[in-house]
Amino acid sequence: MKIMKFGGTSVGSPDRMRALIPLINDPEPKIVVLSAMSGTTNSLVEISNLLYEDKQEAASSANELLRTKYHKVVDELYSTEELRKEGHELIDAHFNLIKGFTNHSFTKLQEREILAQGELLSTALFHNLLREKKIRSVLLPALSFMRIDKDGEPDNFYIEENLRRELEKCPDENIIITQGFICRNAYGEIDNLKRGGSDFTASIIGAAIRAGEIQIWTDINGFHNNDPRFVENTSVIRELSFDEAAELAYFGAKILHPASVNPAREKNIPVRLKNTMEPEDQGTLLTAECKLEDYKAVAAKDGISVFRIHSARMLMAYGFLRKVFEIFEAYKTPIDMITTSEVSVSLTIDNSQYINEIAKELRELGTVEIEQNQSIICVVGDFRTDRTGSAPEIFEALNMIPLKMISYGGSPYSLSLLIDTSNKVEALRQLSKHLFSK
Ligand code: ADP
Ligand code: ASP
Ligand code: MG
């Protein structure tokens, strides 16, 4: 069995949805994971934000605007009156539910329920499209098997057991459609796998059923060697190792959700990144095999804050770093980069929710400086510590850009640097010019 995940643009219009049919309509059994139509989750986030701000009217008109868009999709998607009628009823059911939330004080739980509507809609619309075309498929609700534990991690045992039970109910079906992104949490409530989480869904399902391959279909021919949103003339990488891809995804390559490589890597299931607009292109293949090259790719992650802790107590002392780490641990805030000197340590985080609380506690250990609006640039290549000659091109490329931190030796595949976000685009362009233009 294989997993085929189609992202927002791949289901972004009636034409795009119809274009998926030839890709999935063959005898090979598959689980088709769909995202919300592009733009939908953003609109749902906007509606939720308006509700938090108690802007009921604005929330209501944003909801009606989205409802109208979906009614148009239904009109264009189906050719029979019967399916159109069903589609319009379906749309109204979902948008009436959102409308219901505009009447009382708004909670986190309601927000998550609103965010779930995008994937519930896209999968129901697509399933009905296949029904109209007389193509057999099953709509399997992700909420019946996808679950995270109280730390927000996939509850693999629960997922495997429940998915197996659900699949046993339809042994002869070869197209099983399910929602990306959405799940239940440890309390049984509706939750999600964070923005871009449909990739993670595909990988978790792939690992749970030991799929032959996990395919991530998107709007580009695979993993590029730099971020095509900021740099021209990027090129596709045909093969990457799980470790390299995970590093790039974690450090900002939007093509993959940061955690999505892990489940596939753990069960050694190949992941193929493909373009729905150019299905004949081979895309990028991720496997356990790593063919090191000097430089393979660059990615950047924004929204980073850096703490600089300076303390004479650190000098020759043991246990100092433990105290620092414990503070971050208490606030469930992961540290990305770290560098130390004799009497100071610098650390970066990307979740600034508890930045003030953390700073307050750190001040008991020494003086603390905080800088926000930072970006981590991650270069993936051959950074084994027993070789020479790697890296001068990086420093040449970034000659004119102030470097705030450098992390080398932590991984044989990557070198990371911290810079001001205002310098990010220039840094990415210079890196492409110096590392990949030969
Ligand atoms: P989907 O909606 O299919 O999940 P995303 O928008 O999440 O698609 O991811 C695909 C986009 O990721 C591409 O259109 C591209 O702009 C962006 N992207 C950023 N970095 C890279 C990269 N290194 N390689 C390919 N695409 C990238
Ligand atoms: N629809 C969700 C989002 O926009 C999940 C996804 O597309 O992967 O973040
Ligand atoms: Mg995505």
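The values are calculated or read from the model by the stated rules, or taken from the named source; none is laboratory data. Here the structure is a predicted model, which means the values were calculated and not measured. Cβ: placed from backbone, ideal geometry, glycine included. Neighbour counts: every protein chain shown. Ligands, DNA and RNA are stripped out before the accessible areas are found, and what is left, the full protein with its side chains, is counted by its heavy atoms. Shrake-Rupley method; radii C 1.70, N 1.55, O 1.52, S 1.80 Å.
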Top-ranked residue in segment 9-46 [being without any contact (Cβ under 8 Å) to a residue 60 or more places away in the chain and within 17 Å of the chain's Cα centre (by Cα); ranked as nearest to ligand 1 (Cβ to nearest atom)]: Ser38
Set Glu189, Glu239: member being away from ligand 3 (no atom under 16 Å from the Cβ), acidic (Asp, Glu) and surrounded by 15 or more Cβ atoms within 10 Å (Cβ to Cβ): Glu239
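Tell me which residues, restricted to segment 293-322, are touching a helix residue (DSSP H, G or I) at 6+ places or on another chain (Cβ under 9 Å), of a type outside the set (Gly, Ala, Ser) and either more than 16 Å from ligand 1 (Cβ to nearest atom) or not in a strand (DSSP E or B) (or both).
Scanning segment 293-322 gives Asp294, Ile304, Phe307, Ile309, Arg313, Met314, Phe320, Leu321.
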Of all residues in segment 315-343 being under 18 Å from Leu417 (Cα atoms) and more than 23 Å from the chain's Cα centre (by Cα), the one that is modelled with the lowest pLDDT: Ser341
Among the residues listed as Glu89, Glu57, Glu53, the single one being more than 16 Å from ligand 1 (Cβ to nearest atom), free of Cβ contacts under 8 Å to residues at least 12 places away in the same chain and under 28 Å from Ile176 (Cβ atoms): Glu89
Verdict on Arg84 being within 16 Å of ligand 3 (Cβ to nearest atom) and open to solvent by 30 Å² or more (accessible area, probe 1.4 Å): no
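Would you call Pro263 assigned to a loop (DSSP other than H, G, I, E, B), touching a residue at least 12 places away in the same chain (Cβ under 8 Å), away from ligand 3 (no atom under 15 Å from the Cβ) and open to solvent by 10 Å² or more (accessible area, probe 1.4 Å)?
no
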Per-region count, segment 31-53, residues surrounded by fewer than 20 Cβ atoms within 10 Å (Cβ to Cβ), within 9 Å of ligand 2 (Cβ to nearest atom) and part of a helix (DSSP H, G or I): 2
Lone unmet requirement of (1) away from ligand 3 (no atom under 16 Å from the Cβ); (2) buried (at least 21 other Cβ atoms within 10 Å of the Cβ) for Asn268: (2)
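A quick yes/no check of all residues on (1) within 14 Å of ligand 2 (Cβ to nearest atom); (2) touching a strand residue (DSSP E or B) at 6+ places or on another chain (Cβ under 6 Å); (3) not in a strand (DSSP E or B):
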| position | (1), (2), (3) |
| --- | --- |
| Cys183 | yes, yes, no |
| Ala186 | no, no, yes |
| Phe200 | yes, no, yes |
| Ile204 | yes, yes, yes |
| Asp227 | no, no, yes |
| Ala246 | no, no, yes |
